[in-house]
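J.: One structure is given below, represented as structure tokens, and several questions about it will come after.
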Amino acid sequence: MFTGLVAELGTVKKLTRMGESYHLTVGASKVMANLKIGDSMATNGVCLTVVQMTDNEFTVDVMPETARLTNIGMLKAGDRVNLERTLRPIDGLDGHIVTGHVEGLGTIISEKPDGIAKVVTFETPEKLLKYIIPKGSITVDGISLTVTKVTDSSFSVSLIPHTAKETTLGFKSVGDKVNLETDIIGKYVERMLSWDKKSSSPGLDKNMLFENGFM
């Protein structure tokens, strides 16, 4: 599990295609401390497993499903990527619950200044928009962000200068693709509600919440 707080901007050293799969090698420093083969690394928000490493770079395998749903296969040597190690029990949950399981790609359609901030708007697949709400959480290229606006085809976020400086969103442009992961809580609630419709259980409603002490 991750939090969406980027620890470091890594640099793509090499992306090797093997049929529909890839080997990705990334140069880094901060995230390399105590890293081991088999550890997970969120790379642009994608949970990937370290299969090789040196003191200043690591290599991960990218399977076809991951390549289809993310922007990993679009990377080239020299590109920067957002990196985050897995959450430890002693760490604070300063972002939100992020699994590293990207659901699809968004496209940057506008960038506008707003005081010290920059408002970025992303065209978004319809299947994901139902899980995105104003003031809710969204993960964009592995960055935990707060949604400021939602339309029928897009959503917007506002970047503070620190986020723009320390993550890939600070130098991406209109037309660039980003990895999207919506808030996991909404998906579980939807699944529970749809499952209750198929069963004879009373379902999740106001009375059930009251009877079980949630209200």
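The values are calculated or read from the model by the stated rules, or taken from the named source; none is laboratory data. Bear in mind the structure is a predicted one, so any value in this text is a computation, not a measurement. Heads up, the Cβs are rebuilt from the backbone with ideal geometry, glycines too, and the neighbour counts pull from every protein chain shown. All accessible areas refer to the heavy atoms of the entire protein, side chains included, with ligands and DNA or RNA removed. Shrake-Rupley method; radii C 1.70, N 1.55, O 1.52, S 1.80 Å.
J.: Is there any pair with a first residue in the stretch 92-113 that is farther than 16 Å from Thr43 by Cβ and among the aliphatic types (A, V, I, L, M) and a second that is part of a loop (DSSP other than H, G, I, E, B) and open to solvent by 20 Å² or more (accessible area, probe 1.4 Å) whose Cβ atoms are under 7 Å apart and which are 6 or more apart or on different chains, and what are they?
T.: Within 7 Å, the pairs are Ile97/Met1; Ile108/Lys172; Ile108/Ser173; Ile108/Val174; Ile108/Gly175; Ile108/Asp176; Ile109/Val174.
J.: Need at least 2 residues that are surrounded by fewer than 19 Cβ atoms within 10 Å (Cβ to Cβ) and at negative phi per element, so show me which strands (runs of 3 or more DSSP E) inside the stretch 28-113 make the cut, counting only ones lying wholly within it.
T.: Qualifying strands (runs of 3 or more DSSP E): 46-53, 57-62.
J.: Looking at the stretch 18-37, I want the residues that are in contact (Cβ under 8 Å) with a residue 60 or more places away in the chain and have a partner that is outside any loop (DSSP other than H, G, I, E, B) and of a type in the set (A, V, I, L, M) with Cβ atoms under 6 Å, at least 6 apart or on another chain. Which pairs are those?
T.: Note: no pairs meet the criteria.
J.: A further question follows. With Thr16, Thr107, Thr54 as the choices, which residue is among the hydroxyl-bearing types (Ser, Thr, Tyr) and within 30 Å of Thr151 (Cα to Cα)?
T.: Unique residue meeting the criteria: Thr107.
J.: Which count do you get for residues in the stretch 1-27 that are open to solvent by 50 Å² or more (accessible area, probe 1.4 Å), part of a loop (DSSP other than H, G, I, E, B) and of a type outside the set (A, V, I, L, M)?
T.: 2
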